[in-house]
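See structure below.
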Amino acid sequence: MTASHATAADAPTSSGSTPGSSTGSSTRQISVLLYSDDKTTRDSVRVTVGRRPARDVEVTSWRECATAPAVIEAVENAKFDVLVLDGEAAPTGGLGLCRQLKSEIFACPPILVLTGRPQDGWLATWSLADLAVPHPLDPIALASAVAELGRGGRPSAS
């Protein structure tokens, strides 16, 4: 498993910043698209991540989508810093949708997938996801993953 396909639990806990470098002016503001057919899952992710998943990352906007066509339309017509896709969504799962977006969208934003269980990490790798967090959702791992992807911004190919 490459670093780009590691799970959030495998991610380093250090932000890599130097002591004293965390100032209000260095806060990265991000927009997040959240896909799940389950409103409870969407609410849980939004509340868990909150407005500040890390000291240096602030979520300024959330776009919620309940269908795969809505996600594709949103990603084609708006800029997002991070996509969070529920792998357990139906009828189109977030893992297949992730693979489709990574294959079809030029300079696709980083994607975090929510897998059904920890053993599904191989599916996240297959889907080309940048990070994965398994259910049940660990609040620290979820916030850390969103913050990590938010810090990276858009791929350098853009």
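The values are calculated or read from the model by the stated rules, or taken from the named source; none is laboratory data. Treat the numbers as computed from the prediction; the structure is a model and nothing was measured. As a convention, Cβ positions derive from the backbone with ideal geometry for all residues, glycine included, and neighbour counts pool all protein chains shown. The protein model used for the area step is the full one, side chains on, heavy atoms only, and it has no ligands, DNA or RNA in it. Shrake-Rupley method; radii C 1.70, N 1.55, O 1.52, S 1.80 Å.
Mind ranking E58, E88 by accessible surface for me, highest first, 1.4 Å probe?
Descending accessible area places them as E88, E58.
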Original post:
Using 13 Å as the cut-off for backbone N distance, which residues of the range 49-65 belong to the label zone defined by a point 7 Å from the Cα of T27 along Cα→Cβ?
Top reply: 51-61
Original post:
What dipole magnitude, in Debye to the nearest 20, does the range 74-145 give about its Cα centre under +1 on Lys/Arg Cβ and -1 on Asp/Glu Cβ?
Top reply: 100 debye
**OP:** Keeping every protein chain in place, order I105, I30, I140 by accessible area at 1.4 Å, biggest value first, i.e. largest first.
**Re:** I140, I105, I30
Original post:
How much solvent-accessible surface does F80 expose, in Å² to the nearest 10, with a 1.4 Å probe and all protein chains in place?
Top reply: 20 Å²
Subject >> R0 of 25 Å, Cβ-Cβ distance K79-W122: FRET efficiency to nearest 0.05 >> reply: 0.25
Original post:
Sequence-distant or interchain residues sharing an amide H contact under 5 Å with V57, placed H: which?
Top reply: R28
